[in-house]
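The values are calculated or read from the model by the stated rules, or taken from the named source; none is laboratory data. Owing to the predicted nature of the structure, the values given are computational and were not obtained by experimental measurement. Every residue, glycine as well, gets a Cβ built from its backbone with ideal geometry; the counts of neighbours run over all protein chains shown.
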Amino acid sequence: MLLEHRDGRLYVTATDLEMQITAHSELAGKETQATTVAARKLQDLLRALPDDATLNVDGTGSRMTLRAGRSRFNLQTLAGRRLSAHRRRARTRCRRCRCRSAICAAC
């Protein structure tokens with residue numbers, strides 16, 4: 001999952017390399033930054049928290065620390081620019097019919 005903070009918004013982009021979804025929300029701050037984190041792990045952690053929990057996120061180097069109440073979780077991250085390069089490489093065409101699908105139903 002790609003997390004990008006730019007222009008006063010947080011953009012969340014998730015993909016399974018066949019489909020992609022992007023959502024955004026207002027987020028204070030002026031610094032542009034991007035990182036990636038494992039979507040399944042983040043989802044599991046967020047689901048375990050109470051609905052009224054206040055979440056604090058701190059990203060340093062290749063780690064993201066999530067804090068909520070007395071709970072603290074550390075997740076591995078990857079620089080956001082590396083995911084963008086991976087997404088460009090993943091956009092391949094079928095070798096036979098040249099469609100844009102990685103798994104071609106026509107072939």
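Things to note:
- Of the residues screened, Leu45 is one that is at pLDDT 90 or above, surrounded by 11 or more Cβ atoms within 10 Å (Cβ to Cβ) and at negative phi.
- When Asp51 is tested against (1) more than 17 Å from Leu10 (Cβ to Cβ); (2) under 12 Å from the mean Cα position of the chain (by Cα), exactly one condition is not met: (2).
- Thr54 vs. criteria modelled with pLDDT of 90 or more and either surrounded by fewer than 11 Cβ atoms within 10 Å (Cβ to Cβ) or touching a Gly at 6+ places or on another chain (Cβ under 7 Å) (or both): yes
Per-residue answers, yes or no, for (1) within 14 Å of the chain's Cα centre (by Cα); (2) modelled with pLDDT under 60; (3) surrounded by 14 or more Cβ atoms within 10 Å (Cβ to Cβ):
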| residue | (1), (2), (3) |
| --- | --- |
| Asp58 | no, no, no |
| Arg70 | no, no, no |
| Leu75 | yes, no, yes |
| Gly80 | yes, no, yes |
| Ser84 | yes, yes, yes |
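- Counting only residues that are in contact with a strand residue (DSSP E or B) (Cβ under 8 Å, 6 or more places away or on another chain) and in a loop (DSSP other than H, G, I, E, B), segment 1-37 holds 6 of them.
- Whichever residue in segment 18-37 is hydrophobic (A, V, I, L, M, F, W, C) and either surrounded by fewer than 12 Cβ atoms within 10 Å (Cβ to Cβ) or touching a Ser or Thr at 6+ places or on another chain (Cβ under 6 Å) (or both) and, among such residues, is farthest from Val57 (Cα to Cα): Met19
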